[in-house]
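**Student:** The structure follows.
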Amino acid sequence: MIIALQSGQIITPIRLLNRIAISHWKYAGECGDVGGGLLPGAELKIIEISKRPGAMWIRAELPGRFPSAALKISGEEYALNFRAL
């Protein structure tokens, strides 16, 4: 649940996330390219968070990217695809 998350915390996907899946997300236009996809166990650091009711989301930095890139993940997408470490 996004309410319990904090900036700097690490999250991980619980399933393979590829470009096609991410292209259907609420904030897909604000997501960096995941290349071949993110495997379960990949570690993403939360760099920004919005806990505003009706607009809950997090921005998580993609690992190993230069220049850096991130995913903007809505609360529902987080609940279906990620867990906190």
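**Student:** Quick check for me: using +1 on Lys/Arg Cβ and -1 on Asp/Glu Cβ, what's the dipole size of the chain about its Cα centre, in debye to the nearest 20?
**Tutor:** Charge dipole of the chain: 100 debye, to the nearest 20.
**Student:** What are the residues whose amide H is under 5 Å from the amide H of G37, where those residues sit 5 or more places off or on another chain and H is modelled from the backbone?
**Tutor:** Close amide H contacts, sequence-distant or interchain: none at all.
**Student:** When only Cα pairs under 8 Å and 6 or more residues apart are kept, what is the percent relative contact order across the chain?
**Tutor:** Across the chain, relative contact order equals 38 percent.
**Student:** Averaged across orientations, what area in nm² does the convex hull of the alpha carbons in the chain project? Write out the running numbers ahead of the final one.
**Tutor:** Numbers: hull surface 19.9 nm².
The orientation-averaged projected area of the Cα hull of the chain comes to 5.0 nm².
**Student:** Provide the net charge surrounding K72, with neighbours chosen by a C-beta distance below 12 Å and charges set as Lys +1, Arg +1, Asp -1, Glu -1.
**Tutor:** -2
**Student:** Which one of I46, I20, P63 is farthest out on the positive end of the charge dipole of segment 17-85, using unit charges on Cβ (Lys, Arg +1; Asp, Glu -1) and the Cα centre as origin?
**Tutor:** Checking the options against the dipole of segment 17-85, the answer is I46.
**Student:** Return the long-range amide H neighbours of C31 (sequence gap of 5 or more, or a different chain), with a cut-off of under 5 Å between placed amide H atoms.
**Tutor:** K72
FYI, it's all coordinate maths here, none of it is from the lab. Keep in mind it's a predicted model, so treat the numbers as computed, not measured. We place every Cβ from the backbone using ideal geometry, glycine too, and count neighbours over all the protein chains shown.
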